[in-house]
Every structure is written in structure tokens, then in C-alpha cells.
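Below is one structure, written out as C-alpha cells, with a few remarks after it.
We did not get these values from a lab; they are worked out from the coordinates using the rules stated. Because the structure is a prediction, the values reported are computed rather than measured. Here the Cβ positions follow ideal geometry from the backbone for every residue, glycine too, while neighbour counts run over all protein chains shown.
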Protein chains: 2
Amino acid sequence: MGRWQPNARGRLLEAAMELFAERGYEQTTVGEIAKRAGLTERTFFRHYADKREVLFGGAQEMRELFTRTLAGLPASAGPMEAVGATLAAVAEGFRDRHAFARHRQALIAANAELRERELIKLADLSATVAGALRERGVGEPAASLAAEAAIAVFRVAFERWTRSPGTRELGLYMEESLVELKAVTAGA
Amino acid sequence: MGRWQPNARGRLLEAAMELFAERGYEQTTVGEIAKRAGLTERTFFRHYADKREVLFGGAQEMRELFTRTLAGLPASAGPMEAVGATLAAVAEGFRDRHAFARHRQALIAANAELRERELIKLADLSATVAGALRERGVGEPAASLAAEAAIAVFRVAFERWTRSPGTRELGLYMEESLVELKAVTAGA
């Protein structure tokens with residue numbers, strides 16, 4: 001304890017996913033996760049507030065990725081162009097993580113409390129994107145609608161990708177969903 | 001007790017909203033709500049599973065309204081035309097209910113547990129709409145994206161309406177948001 005633990009966060013995540021697969025999410029304790037990772041409970045709580053948070057540890061990174069990508073775009077980029085670039089960056093972050101994403105999605109689908117948390121994280125993400133778009137000078141309700149559209153495309157594409165065999169990249173599902181959303185709304 | 005109570009459900013809702021305004025949501029008990037409505041706790045629980053449900057009692061009606069409206073449309077109506085008609089029907093259901101909607105929105109915004117419940121109800125509604133669109137022969141991912149777009153328009157329009165003085169109808173905010181979503185996604 002107290003010693004620096006190389007990649008403790010990643011080891012805890014890996015141990016947790018193993019145990020969730022073996023015993024189920026509900027039946028796994030923080031103590032067991034720490035033990036499997038060769039770490040202490042104290043170390044666990046330095047990285048995650050609770051067992052549930054292990055599955056949502058990527059939310060902060062994703063929020064930062066969204067904000068960074070939006071900040072790096074030229075001022076001339078319209079709201080949906082910005083949204084498209086952001087989704088592409090997110091998809092890139094999931095490259096080679098299909099098995100993990102698939103497993104995580106199955107755990108969330110099977111647990112009401114996890115589904116609630118997922119919905120809250122997505123709503124927070126939508127608010128973050130809307131705020132970043134307003135900072136780019138996009139007015140309301142355009143900023144909020146573009147942000148909601150981004151989350152809608154993300155949700156639908158992500159679910160399709162996790163249910164697929166994983167031979168196609170998430171980015172392709174994102175692109176397809178964005179094109180489809182455009183086609184669908186054009187018929188309004 | 002046991003006697004038929006005329007409009008007990010509506011009286012409980014009204015009593016609850018009064019008490020939430022006077023004392024705050026957290027500080028109000030089911031017993032107090034029943035007493036204010038001139039009813040027993042037992043009658044309360046015949047109408048609502050818990051205090052929280054008083055604020056979400058309209059979800060089932062809204063789901064039925066969505067399904068009924070979609071079922072009544074001609075087969076030729078495209079997914080977003082269907083979504084537009086559904087949103088118009090929902091807006092009609094909120095006519096003259098601005099003060100209630102505004103108060104309810106403020107209560108939900110101030111309480112994390114209520115926000116979670118609201119997000120779940122909206123996600124359920126999205127799934128209901130997607131299912132109804134698939135039954136109309138709309139493929140995937142178009143059905144899910146149109147449903148998510150409907151919920152996005154609903155959320156954004158509803159929030160704008162509840163923050164407005166209430167002199168304009170919800171339906172106008174819905175129409176504006178739908179037009180804006182179309183304009184935003186066309187720029188993708």
C-alpha cells in the first residue's frame with residue numbers, strides 16, 4: 001500500500017470485467033476485484049468511488065475527448081460537422097475494444113441501476129456537447145438539438161456495433177447512423 | 001375507505017403538487033398527501049406505487065397517446081411525418097397545463113433521483129416509438145433514429161416551453177424544434 005501501482009486503474013477494470021463474467025455483476029464485491037488485480041481495497045477506492053463506477057470510468061475521458069475535438073475544429077465548421085468529427089474521434093477511442101464494449105453493454109442491459117447510470121452519463125454528455133457548441137457561437141435550440149442528435153447517433157450506432165460480430169469499425173456505424181438520421185429528418 | 005372516490009387520482013396529484021410547493025418534495029410524506037386530498041394512505045397506494053410516481057403518472061397515458069396516434073396514421077406517412085403528428089398530439093395533451101408542467105420540471109431538475117426516473121421514462125418512450133415505427137414497416141436504424149429524434153425534439157421543446165411565460169402553446173415549440181433539427185442535420 002502506498003507504493004505506486006503501475007496501471008492500477010486498468011488492472012482493476014480488467015479484474016472486474018473477468019469477475020463480472022464469471023460470477024455476475026451483483027455477486028462480485030470490491031474486495032474480490034482488488035484481490036484479483038493483486039491490489040488492496042484502499043487502492044480500488046483511490047481509482048473508483050464504487051463497483052458501479054468501474055463500468056463508467058471512461059465517461060470523464062469521453063467528455064474531455066468531446067470538448068477537445070470540438071475546440072480543435074475551425075470556426076467555420078457547422079454544428080453537425082462538429083458533431084460528426086466528435087463522433088469519429090469517439091469511435092477511434094473504441095478501436096480494438098469491441099469485446100470490452102460488448103461485455104459492458106450486456107452488463108448494463110441486464111441491470112436497472114446500471115441502465116439509469118448510463119442514461120445519466122449520456123444526458124450529461126449531451127449537456128456538455130450543447131455547452132461546447134454554444135461556445136462556438138451556435139444558438140439555441142440548434143445547439144441542444146445538435147447535441148441530442150449526436151447522442152442519438154452515438155447510442156444507436158454503439159448498440160448496433162456491440163451487437164455485431166465486431167468485424168466492422170464503430171466509426172462506420174456512426175457514419176451510417178448520421179447519414180440515416182439526416183435522411184429521416186429530411187422527410188419531416 | 002372502500003367507497004368510490006371521485007377523481008381520487010387527480011385530487012392526490014393536486015394535493016401533492018401543493019405540498020411539494022409549500023414544503024419541498026423531500027419533506028412531503030405520502031400520509032400528508034393523502035390527508036390534504038381528504039383520502040386515506042390506502043387509497044393513495046391504489047393509485048400510485050410511491051411518492052415519486054405521482055410526478056410520473058402521465059407516462060403511461062403518453063405512451064398510449066403515442067401508440068394510438070401512430071396507429072391512426074395512413075400507411076403512406078413517413079417516419080418523421082409520424083413523429084411530427086405524435087408530437088402534435090402530445091402538445092395538445094399539455095394545453096392549459098403550463099403551470100403544472102413548469103412546477104413539475106422544477107421539481108425534477110432539483111432532485112437527482114427524479115432526474116433519473118425522467119430519463120428512464122423518456123428512454124422507454126423512445127423504445128415504444130421505435131417499436132411502433134418498426135410495426136409500420138420502418139427499418140432499422142431509421143426507426144430508432146426517428147424515435148430518438150422525436151424524444152430530442154420533445155425534450156428540447158418541452159424545456160423551452162416550461163421556461164417560457166406560457167403565452168405560446170407547446171405545439172409551436174415542438175414545430176420550431178422539429179424544423180430546427182431538420183436544418184441542423186441537413187448541414188451534416
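With θ set to phi - 60°, apply the Karplus curve 6.51 cos²θ - 1.76 cosθ + 1.60 along the range B:11-23 and write out the HN-Hα couplings as whole Hz, x wherever there is a Gly or Pro.
3J(HN,Hα) across the range B:11-23, in whole Hz: 5, 5, 4, 5, 4, 4, 5, 4, 5, 4, 5, 6, 10.
Defining the label point at 7 Å along Cα→Cβ, can you sort the distances from residue A:64 to the same site in each other copy, shortest first, in nm?
Distances to the matching label points in the other copies: 5.0 nm.
In nm, give the distance between the simple-model label positions of residue A:124 and residue B:159, each being 7 Å from the Cα along the Cα-to-Cβ direction.
1.6 nm
Identify which of B:51, B:121, B:35 has the largest mean-square fluctuation in a Gaussian network model of chain B, with springs joining Cα atoms closer than 10 Å.
Between B:51, B:121, B:35, it is B:35 that shows the largest mean-square fluctuation.
Between residue B:134 and residue A:102, what FRET efficiency follows from the Cβ-Cβ distance if R0 is 22 Å, with the result rounded to 0.05?
Values: r = 23 Å, r/R0 = 1.05.
Here the calculated transfer efficiency is 0.45.
At q = 0.15 Å⁻¹, what base-10 log of I(q)/I(0) does the Debye formula yield for the range B:75-145 when every alpha carbon is treated as an equal point scatterer in vacuo?
-0.66
Cα to Cα, under 13 Å, and not fewer than 8 places away if on the same chain: which aspartates and glutamates meet these conditions relative to residue A:182?
Partners within reach: A:81, B:148, B:180.
With a point put 7 Å past each Cα toward its Cβ, work out how far residue A:73 is from residue B:65 in nm, to one decimal.
3.4 nm
Under a point spin-label approximation (7 Å from Cα along Cα-to-Cβ), what is the residue B:22-residue A:27 distance to one decimal in nm?
5.1 nm
Measuring nothing but label to label, 7 Å from Cα along Cα→Cβ, what are residue B:31's distances to the other copies in nm, shortest first?
Copy-to-copy label distances at residue B:31, shortest first: 3.9 nm.
Taking N as the number of residues in the protein assembly as shown, what value does Rg over Cα atoms divided by 2.2 N^0.38 Å take? Let's see the in-between values first.
Numbers: Rg = 22.7 Å, N = 376, 2.2 N^0.38 = 20.9 Å.
The value comes to 1.08.
Once the cut-off is 26 Å, how many percent of the Cα-Cα pairs in chain A end up in the long-distance tail? Walk me through the numbers on the way to the answer.
On the way: 6773 of 17578 pairs.
Tail of P(r) above 26 Å: 39 percent of Cα pairs.
If you stretched the chain out fully between residue B:183 and residue B:168, how much longer would it get, using 0.36 nm times the residue separation minus the C-alpha to C-alpha distance? Let's see the in-between values first.
On the way: separation 15, 0.36 × 15 = 5.40 nm, distance 2.22 nm.
Here the answer is 3.2 nm.
Peptide B:134-146: average number of partner chain Cβ atoms within 10 Å per residue?
On the way: counts 0, 0, 0, 0, 1, 1, 3, 12, 7, 2, 10, 14, 7.
Per-residue shielding by partner chains comes out at 4.
Mind jotting down the distance between the C-alpha centroids of the range A:147-188 and the range B:12-91, whole Å?
If you average the Cα positions of each part, the centres end up 32 Å apart.
Given the pairs A:121/B:121; B:51/B:121; A:35/A:121, which span a C-alpha to C-alpha distance of over 23 angstrom in this model? If you can, show how the numbers build up before the last one.
Working: A:121/B:121 16 Å; B:51/B:121 16 Å; A:35/A:121 28 Å.
Flagged as over cut-off: A:35/A:121.
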